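This report concerns only the one structure given below.
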Amino acid sequence: MTTAEQAAARRVTYQLETLWDYDYEPTHDELTTLYETAKKNQWNGSTAIDWTRPVGTEGPVLNVKEAFRGTNFFTRLTAEEQKEVEIRISAWRLSQFLHGEQGALVVCGQLVNSIPELDAKLYAATQVVDEGRHVEVFERYVKKLHKIYPVDPLLKAVLDEILATNLWELKLLGMQMIVEGLAIAAFNVMRRQTADPTLTQVLDYVLQDEGRHVNFGYFALRRSIPAMDPDKRAYLEDFTVNACDQMYARDERTGFRSIQSVWNEMGWDGEKIWKDTVANSVTTKHFNSFLFQDNLMPRLQRLGLISERVAPRYRALGLLS
Ligand SMILES: [Fe+2]
Ligand SMILES: [Fe+2]
């Protein structure tokens, strides 16, 4: 990448209306409780987490046997190679968490401006602080562990589209429902596969906040979607089905494929390992079913975003029966 390309990749240009709310009337009853919980459950990333322990000494950062169960390539690795996989793959995963958290931070800052109602702005303000703290703890952990890998191109594309839209409803849907849903699924997988007490603590604290964020998106969208004009609603439906299509890792064209660069870095065939993990890894199957079947699809259905117009695409993807 040239310097000019690098500078362009860091910039997202958009036009966004900032809305005042001079009514000072509560509009979302559910947000009162959520806002109080958000204020009460703030935590300090510097003091809540015990940062004194060296990373990975009390337990593996990633239980690689569990993480790559079902794959063919993993059965041939030596103990040293497995250790290298543990560190590098964990660093790649945590780097994506870190970039995703930075995305959440900047999108949520936009929501404070663009969401119409003041009670929703106040809730969004608590989320800005939450996401800032998530950036802080993941950055700290990944730097202790190894290094920060570049943002995955698919993750960046999804985040950039959410940042660039002038529709606050799409920001809410894209960030609070889709990206946060993805993050919760990924954090839960990592939580089950780590035995490092510092990472366990980081993930437990972060997950506690993320649950609120998804609820915020759901409450605000449940209110705005029924009143939305059909064109805007169709635009949201299309964004969602396209994002699901790309994120649902099932072949060489879909999923967060920059993990291949980690395998290549170790001198292996990244594309071959990718095909092996997509076809055989139990983790990939768990992740997909947790994200789509258990969480995203039921919520999208309740919000009315799977219309008869887009339902055939979900069926073709195997995400809807
Ligand atoms: Fe977050
Ligand atoms: Fe979040």
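Conditions tested, residue by residue: (1) aromatic (Phe, Trp, Tyr); (2) over 18 Å from residue 125 (Cβ atoms); (3) modelled with pLDDT under 95.
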| residue | (1), (2), (3) |
| --- | --- |
| 16 | no, no, yes |
| 22 | yes, no, no |
| 26 | no, no, yes |
| 30 | no, no, yes |
| 48 | no, yes, no |
| 58 | no, yes, yes |
| 67 | no, yes, no |
Query raised in the report: Does residue 95 fit the bill of being more than 16 Å from ligand 2 (Cβ to nearest atom), under 21 Å from residue 280 (Cα atoms) and within 16 Å of the chain's Cα centre (by Cα)?
Result: no
Query raised in the report: Within segment 67-85, how many residues are surrounded by 14 or more Cβ atoms within 10 Å (Cβ to Cβ) and either under 27 Å from residue 140 (Cβ atoms) or of a type in the set (Lys, Arg) (or both)?
Result: 7
Requested in this report: Answer yes or no: is there a residue in segment 123-139 that is within 15 Å of ligand 2 (Cβ to nearest atom), hydroxyl-bearing (Ser, Thr, Tyr) and at pLDDT 95 or above.
Outcome: yes
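When you look at residue 109, is it within 14 Å of ligand 2 (Cβ to nearest atom) and either without any contact (Cβ under 8 Å) to a residue 60 or more places away in the chain or under 19 Å from residue 92 (Cα atoms) (or both), yes or no?
On the way: within 14 Å of ligand 2 (Cβ to nearest atom): yes; either without any contact (Cβ under 8 Å) to a residue 60 or more places away in the chain or under 19 Å from residue 92 (Cα atoms) (or both): yes.
Yes; evaluated as a whole, the condition is true for this residue.
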Report task. Tell me which of these residue 136 doesn't satisfy, since it passes every other one: (1) in contact with a Ser or Thr (Cβ under 9 Å, 6 or more places away or on another chain); (2) under 30 Å from residue 85 (Cα atoms); (3) away from ligand 1 (no atom under 13 Å from the Cβ); (4) not basic (Lys, Arg). Result -> (3)
Query raised in the report: All but one of (1) in contact with a His (Cβ under 8 Å, 6 or more places away or on another chain); (2) within 16 Å of ligand 2 (Cβ to nearest atom); (3) basic (Lys, Arg) hold for residue 156; which doesn't?
Result: (2)
**Report entry** Subset of segment 102-122 that is within 18 Å of residue 179 (Cα to Cα) and crowded, with 22+ Cβ neighbours inside 10 Å - its residue that is farthest from the chain's Cα centre (by Cα)
**Finding:** 111
Query raised in the report: Is one or more of the residues making up segment 188-207 farther than 22 Å from residue 228 by Cα, away from ligand 2 (no atom under 13 Å from the Cβ), modelled with pLDDT of 95 or more and of a type in the set (Asp, Glu)?
Result: yes
Query raised in the report: What are the residues in segment 18-76 that are within 30 Å of residue 165 (Cβ to Cβ), hydroxyl-bearing (Ser, Thr, Tyr) and in a loop (DSSP other than H, G, I, E, B), if any?
Result: 18, 22, 24, 27
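Looking only at residues in segment 231-278 that are among the acidic types (Asp, Glu) and part of a loop (DSSP other than H, G, I, E, B), which one is farthest from residue 309 (Cα to Cα)? Please lay out each step first, then the result.
Applying the first criterion (among the acidic types (Asp, Glu)) to segment 231-278 yields 231, 237-238, 245, 251-252, 265, 269, 271, 276.
Adding the requirement that they be part of a loop (DSSP other than H, G, I, E, B) leaves 251-252, 269.
Details: 251: 25, 252: 27, 269: 40 Å.
Here the residue is 269.
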**Report entry** Scope segment 190-235; condition away from ligand 1 (no atom under 16 Å from the Cβ) and among the hydrophobic types (A, V, I, L, M, F, W, C); matching residues
**Finding:** 195, 219, 220, 221, 225, 227, 228, 234
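Out of the residues in segment 139-154 meeting the condition of being within 16 Å of ligand 1 (Cβ to nearest atom) and among the β-branched types (Val, Ile, Thr), tell me which one is nearest to residue 41 (Cα to Cα). Break it down into steps so the answer makes sense when it comes.
Residues of segment 139-154 that are within 16 Å of ligand 1 (Cβ to nearest atom), as a first pass: 139-142, 151.
Checking which are among the β-branched types (Val, Ile, Thr) leaves us with 142, 151.
Details: 142: 24, 151: 30 Å.
The qualifying residue nearest to residue 41 (Cα to Cα) is 142.
Suppose we filter segment 26-43 for residues that are surrounded by fewer than 14 Cβ atoms within 10 Å (Cβ to Cβ) and touching a residue at least 12 places away in the same chain (Cβ under 8 Å); how many remain? Can you show your working first?
We begin by selecting, within segment 26-43, every residue surrounded by fewer than 14 Cβ atoms within 10 Å (Cβ to Cβ); these are 26, 29, 32-33, 36, 39-42.
If we keep only those that are touching a residue at least 12 places away in the same chain (Cβ under 8 Å) too, we end up with 26, 32, 39, 41-42.
Within segment 26-43, residues that are surrounded by fewer than 14 Cβ atoms within 10 Å (Cβ to Cβ) and touching a residue at least 12 places away in the same chain (Cβ under 8 Å) number 5.
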Query raised in the report: Just checking, how many residues over segment 294-317 are part of a loop (DSSP other than H, G, I, E, B), in contact (Cβ under 8 Å) with a residue 12 or more places away in the chain and surrounded by fewer than 17 Cβ atoms within 10 Å (Cβ to Cβ)?
Result: 3
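Yes or no: residue 118 within 13 Å of ligand 1 (Cβ to nearest atom) and either of a type in the set (A, V, I, L, M) or in contact with a helix residue (DSSP H, G or I) (Cβ under 7 Å, 6 or more places away or on another chain) (or both)?
On the way: within 13 Å of ligand 1 (Cβ to nearest atom): no; either of a type in the set (A, V, I, L, M) or in contact with a helix residue (DSSP H, G or I) (Cβ under 7 Å, 6 or more places away or on another chain) (or both): yes.
So residue 118 does not fit the description; no.
With the requirement that a residue be more than 17 Å from residue 169 (Cα to Cα) and not hydroxyl-bearing (Ser, Thr, Tyr), what does segment 1-20 give you?
Correct list: 1, 4, 5, 6, 7, 8, 9, 10, 11, 12.
The values are calculated or read from the model by the stated rules, or taken from the named source; none is laboratory data. Computed from a prediction, not measured in an experiment: that's the story for all the values here. Cβ atoms come from the backbone with ideal geometry, glycine included; neighbour counts cover every protein chain shown.
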